[in-house]
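Down below is the structure, laid out as structure tokens.
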Amino acid sequence: MSDPLPPLREVIATHGLSARKSLGQNFLLDLNLTRKIARRAGDLTDSDVLEIGPGPGGLTRALLAEGARRVVAVERDPRCLPALAQVATAYPGRLTVIEGDALQMDLTPHLRTPYKVVANLPYNVGTELLIRWLTVDAWPPDWSSLTLMFQREVAERIVAQPGNKAYGRLSILAGWRADPRIVLDLPPQAFTPPPKVSSAVVHFTQLAAPRFKADRRVLERVVAAAFQQRRKMMRAALKPLVAEPVALLKSVGIDPTARAETVSLEAFCALARQIEAPIE
Ligand code: SAM
């Protein structure tokens, strides 16, 4: 299906949408590329799609052209609203635009669950939202998949395995409750204006249940302590959390002199289970 709307450069010129650094604005203007990203999100015809930060609408248009049943898009910059209204008119009844800061609002009343999230966001906002989406109390969550743009280095941290220097808190949170994969690499020139670094799209499929049993809060605290100073041995890193770290580590088969970056997700979950009550 072809897109009935004007080219994005024209949209930007018509509505005066000069990119603002303060809002992390690096736009995707190539609709072939945005459609490629939309396709990486899988079949969109059977669920609502939540897009955060649509900007001038390049990815929004691609999601709709690729058949998304309904898109709910949340944009903080009011300058983008007239351009997005044009997109809504071209796809009657399928696009709802909400103005506001996605970090400050509850979007669930606007969406039918389970929904899919697709977004090219400022990197800091993206990481904060990802952590929120992965650490909700009830599991499975309201979303079935997340397809998100990150700085390539952050994408590598998300998918890293033990023994890799990128392995850490993000890898564990992502791998515990989801299946994250890098599905597309983008050079800085793909964006207007180009950022300083390369980017990558990561697709997360929700797991029906966490990969290994553990209390979420305990796991988060253990992992945070273990990686607080990556070079510390586990026995020293866990000292602020538990009275007898050496005995505890041995009881779950972790070498007390190991460093967090070599400890598997399964072992972290065993450690969390061993710490009986949630740590307050
Ligand atoms: N998705 C568009 C694209 O691919 O061309 C724009 C991408 S640009 C990197 C990020 C967009 O997110 C901008 O339009 C910006 O105004 C918006 N934004 C930034 N922080 C936001 C927030 N907290 N809530 C909602 N939108 C936000």
Between the stretch 141-202 and the stretch 225-251, how many Å separate their Cα centres? 28
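Rank by packing, highest mean first: peptides 8-15, 208-215, with packing defined as the count of other Cβ atoms within 10 Å averaged across residues. Could the numbers behind the result be given before it?
On the way: 8-15: 16.4, 208-215: 14.5.
Going from most to least packed, we get 8-15, 208-215.
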How far is it, in nm, from the label point at Arg230 to the one at Glu128 when both lie 7 Å from their Cα along the line to the Cβ? 2.4
What does the charge dipole of the chain about its Cα centre add up to, to the nearest 20 debye, if the Cβ of each Lys and Arg holds +1 and the Cβ of each Asp and Glu holds -1? 720
How many angstrom lie between the C-alpha centres of the stretch 72-102 and the stretch 8-26? 15
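Tell me, what is a quarter of the convex hull surface for the C-alpha atoms of the stretch 8-206, in nm² with one decimal?
Numbers: hull surface 41.7 nm².
The directionally averaged projection comes out at 10.4 nm².
Could you sort the peptides 219-228, 179-188 by per-residue average Cβ neighbour count (10 Å cutoff), highest mean leading?
Peptide ranking by packing, descending: 219-228, 179-188.
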Positive-end residue of Leu248, Ser264, Ala226, charge dipole of the stretch 216-274 with Cβ unit charges: Ala226
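In whole percent, how big is the carbon plus sulfur part of the accessible area of the stretch 8-206, probe 1.4 Å, protein atoms only?
Values: 4180 of 8350 Å².
It is 50 percent, rounded to a whole number.
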Only loop residues by DSSP count here, and only those with at most 14 other Cβ atoms within 10 Å; note down the trypsin sites (Lys or Arg not before Pro) in the stretch 103-166 that meet that. Arg112, Lys165
Leaving out ligands and nucleic acids, and using a 1.4 Å probe, what accessible area per residue does the chain come to in Å²? 47
So the carbon and sulfur contribution to the accessible area of the stretch 216-274, 1.4 Å probe, in percent, is 48
Counting only DSSP beta bridges with both residues in the chain, what percent are antiparallel, rounded to the nearest 5? 50
Go through Pro187, Ala174, Leu238 and say which Cα lies farthest out towards the positive end of the charge dipole of the chain; charges sit on Cβ, +1 for Lys and Arg, -1 for Asp and Glu. Leu238
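The values are calculated or read from the model by the stated rules, or taken from the named source; none is laboratory data. In this text, all values refer to a predicted model and were calculated from it rather than measured experimentally. Heads up, the Cβs are rebuilt from the backbone with ideal geometry, glycines too, and the neighbour counts pull from every protein chain shown. Note: accessible area is taken over every heavy atom of the protein model, side chains too, but ligands, DNA and RNA are not part of it. Shrake-Rupley method; radii C 1.70, N 1.55, O 1.52, S 1.80 Å.
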